[in-house]
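Worksheet for the structure shown next.
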Amino acid sequence: MKIAIIGYSGSGKSTLAAGLGTAFQADVLHFDRVQFLPGWESRKQEDKEKITKEFLDTHDSWVIDGNYSKLFYERRMREADIIIMLLFNRFSCLWRVIRRYIKFRGRTRPDMGEGCNEKLDREFIKWVLHGQRTKQARKRYDQIYLQYKEKSIIVRNQRQLDECLRKLKLSAATDTFLG
């Protein structure tokens, strides 16, 4: 099984990826971990591409969380058996980011590289509320859905996410996709 998880910051991509990785016994690639070196320093683009390409080339089953359109985006969408789009509203995402910050304040989340302690600043709050919600981003999600409708799942709230996770875990246990 290959699962691509995309969507807005704070929507739960990394948490979902970890859960599905366990359920499907698949390796998980968190793009935030690929992006950053300790201390939130960004990796060089060629290093990120090398890590991503190697992961895609060497895994028959995977879960990848994150948008990062410059990291084999089309290939990931094409090869994925399931594409999950977490498109929560901006205030739900902000609330989830605040809860995450409280939980991991001063520590590194499991899906981040060592030394990238959880932070919450004005710039990130602006990103969660406005920056990531451009017409271009919405158009990209719409295009993915139209192109891959048969394998795409749009999740807009926690209730839908819980139901999606339940169905996917059931399908992993029975070795069938319940769509």
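What the table shows:
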quantity	calculated
Estimated [θ] at 222 nm from DSSP helical runs (n ≥ 4, -39500 (n - 2.57)) normalised by residues in the chain, nearest 500	-15000 deg cm²/dmol
GluC sites (Glu not before Pro) lying in DSSP loop within segment 54-105, provided at most 13 other Cβ fall within 10 Å	none
Förster radius 41 Å - calculated FRET efficiency between residue 150 and residue 120, Cβ distance, rounded to 0.05	0.60
Antiparallel bridge percentage (DSSP; both residues within the chain; nearest 5)	15 percent
Gain on full stretching of the segment that runs from residue 135 to residue 92 - 0.36 nm per residue minus C-alpha separation	13.5 nm
Per-residue ³J(HN,Hα) for segment 103-117, Karplus 6.51 cos²θ - 1.76 cosθ + 1.60, θ = phi - 60°, Hz, x for Gly and Pro	5, 10, 3, x, 10, 9, 5, x, 8, 10, x, 3, x, 9, 5
Label-point separation, residue 175 to residue 102 (7 Å along Cα→Cβ), nm	4.4 nm
Karplus (6.51, -1.76, 1.60) ³J(HN,Hα), θ = phi - 60°, over segment 50-66, in Hz, Gly and Pro reported as x	4, 4, 5, 4, 4, 4, 5, 6, 10, 10, 8, 9, 7, 10, 10, 10, x
Placed amide H near residue 62: partners under 5 Å, 5+ positions off or other chain	2, 3
FRET efficiency, 1/(1 + (r/R0)^6) with R0 22 Å, evaluated for residue 22 and residue 60 via beta carbons	0.80
Accessible area (Å², 1.4 Å probe, nearest 10) - residue 141	10 Å²
Segment 2-14 - phi-based ³J(HN,Hα) in whole Hz, Karplus 6.51/-1.76/1.60, Gly and Pro as x	10, 10, 9, 10, 10, x, 6, 4, x, 8, x, 4, 5
Spatially proximal lysines relative to residue 50 (Cα-Cα < 18 Å; intrachain offsets below 8 disregarded)	70
DSSP beta bridges in segment 1-86 [antiparallel fraction, %, rounded to 5]	15 percent
Amide proton proximity set for residue 84, modelled H, under 5 Å, gap of 5+	4, 5, 6, 153
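The values are calculated or read from the model by the stated rules, or taken from the named source; none is laboratory data. Bear in mind that the values here come from a model prediction, so they are computed numbers and not experimental data. We place every Cβ from the backbone using ideal geometry, glycine too, and count neighbours over all the protein chains shown. These accessible areas exclude ligands, DNA and RNA; they are computed on the full protein's heavy atoms, side chains included. Shrake-Rupley method; radii C 1.70, N 1.55, O 1.52, S 1.80 Å.
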